[in-house]
Amino acid sequence: MGLFRRRRRLYLTPISPLVLLCGVVLIVMCSLFVNGNTNATQIPLTPINHHLYHTRGALLEEIEALVHRHPSKLSMETFSTQNKGYHAEMTVVTYCRNRKACDDKSKLRILLSFGQHGRELITTELALRILSILSEEEFLSSAYPLNLNNTLDRLVIKVIPMENVNGRKLVESGDLCERRNGRGVDLNRNWSVDWGKKEKDYDPYEENPGSGPFSEPETQIMRKLCASFEPHIWVNVHSGMEASITFALFMPYDHKDMTPDGLPSQRMRLILEKLNRFQLKDRCLVGSGGGSVGYLAHGTATDYMYDIARVPMSFTFEIYGDSTASSKDCFKMFNPIDITTFNRVLNDWSAAFFTLFSLGRVQMKELHPNATGSSFEKWVSIDDYLNGYLMERKSRYGKKMENLKEWPANCFCYVLVKVFFAALEI
């Protein structure tokens, strides 16, 4: 029956059974349409392509076999811990050409993490490709311009090929959109810098930060690894950019719409711009994560690495994304589904990483051209001193206090100090 109001009295008008029936049918059809329960509105979801992608177990087994074939270059450790009945395990592979010299402080130390989000399978395949190239079972393109032998002699690289093993289990069991760990926490929101802050569009399914900073065994392992290794370069590798530009080279910050001040930030941006221009053909967004993707992220690994762990070059790389994919078609959105794109992503980004290794060494030489052996220890001390001048620090793990009010004077003093220490080396 229809209902209308006139003055203060209500009048009911009869409705024919045919009109009522049509209304009921219309409501049912609308409900089916909204809930996606009709064949006409179902979007086919792309399954995991097992011809291209390893399973979790197969990938880790292949990496273990690779390490066993090359014991002079590669070593592997497995770390595990638990919290309130939840157990996590993590494999870490170390590359060092001269195993006896792995603790040599003159070497550039690099920490790389892949598979922090379970649904991003392509990142773990890139980890395997990089390790295969380091072991010389696979090779970069013959057109690659840099002679890497000299660079690789001076590096120690730690690779976490699959940070979120438990989340990957859920993805392989059919939950293709799962990014969190085995108990529903986003590992890239569980770090201490600006932890727990929620934006207006906060989605607990996607961004649950956990019960507190480092509540998760996975982030506990990563924090301890960083503290013991003290890397110069950190890269957190992801996929799934939803913007029209689906590749990105990000530096801090994620929780602010800005990059850090000072020379360390300038050095990071310069490296990313060179990487984008010469290796990735200007296809990448370059800048802070918070200022480039259209939203702020709180409690991320890269912000912690830069602000708290004091890793001087801290990056997040977004290596792939399909902006045409439905938000429900997660495997397609986050991973290449054809062999041509799959190989192109692995080839382009493995070359980009080896370029990054070379750029890190080049920057080291530019800052201190005579940095070899014990003299590199002096370079490290000088670099720490200069960073300390520009950013007063209570300790390596303390809070920083910006001291950049008179930037021109600071630049002049920086040059004078550099000249002074260079003179001491002569």
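Every number in this text was worked out from the coordinates using simple rules, so none of it is lab data. Computed from a prediction, not measured in an experiment: that's the story for all the values here. All Cβ positions, glycine included, derive from the backbone under ideal geometry; neighbour counts span all protein chains shown.
Given R0 = 45 Å, the distance between the Cβ atoms of Asn83 and Ile339 translates into a calculated FRET efficiency of 0.65. Using 0.36 nm per residue and subtracting the Cα-Cα separation, the extra length available between Asp201 and Asp257 on full extension is 18.5 nm.
Between Ala65 and Gln266, what FRET efficiency follows from the Cβ-Cβ distance if R0 is 35 Å, with the result rounded to 0.05?
0.25
A cut-off under 14 angstrom between Cβ atoms defines the neighbours of Asn343, and their net charge, with Lys, Arg +1 and Asp, Glu -1, is -2. Give, as a single signed number, the net charge of other residues whose beta carbon lies under 15 Å from the beta carbon of Lys200, with Lys and Arg counted +1 and Asp and Glu -1. Every neighbour counted, the sum reads -4.
How do Met251, Met313, Met258 line up, fewest other C-beta atoms within 10 Å first?
Fewest-to-most ranking of Met251, Met313, Met258: Met258, Met313, Met251.
Local charge for Asn83 was computed over the other residues whose Cβ lies under 11 Å away, with Lys and Arg +1 and Asp and Glu -1, and equals 0. Between Asp103 and Asn150, the simple spin-label model (points 7 angstrom out along Cα→Cβ) gives 3.0 nm. Mind checking which aspartates and glutamates have their Cα closer than 19 Å to the Cα of Lys73? Skip sequence neighbours fewer than 8 apart in that chain. Here the aspartates and glutamates satisfying the reach criterion relative to Lys73 are Glu61, Glu62, Glu64, Asp103, Asp104, Glu136, Glu137, Glu138, Asp153.
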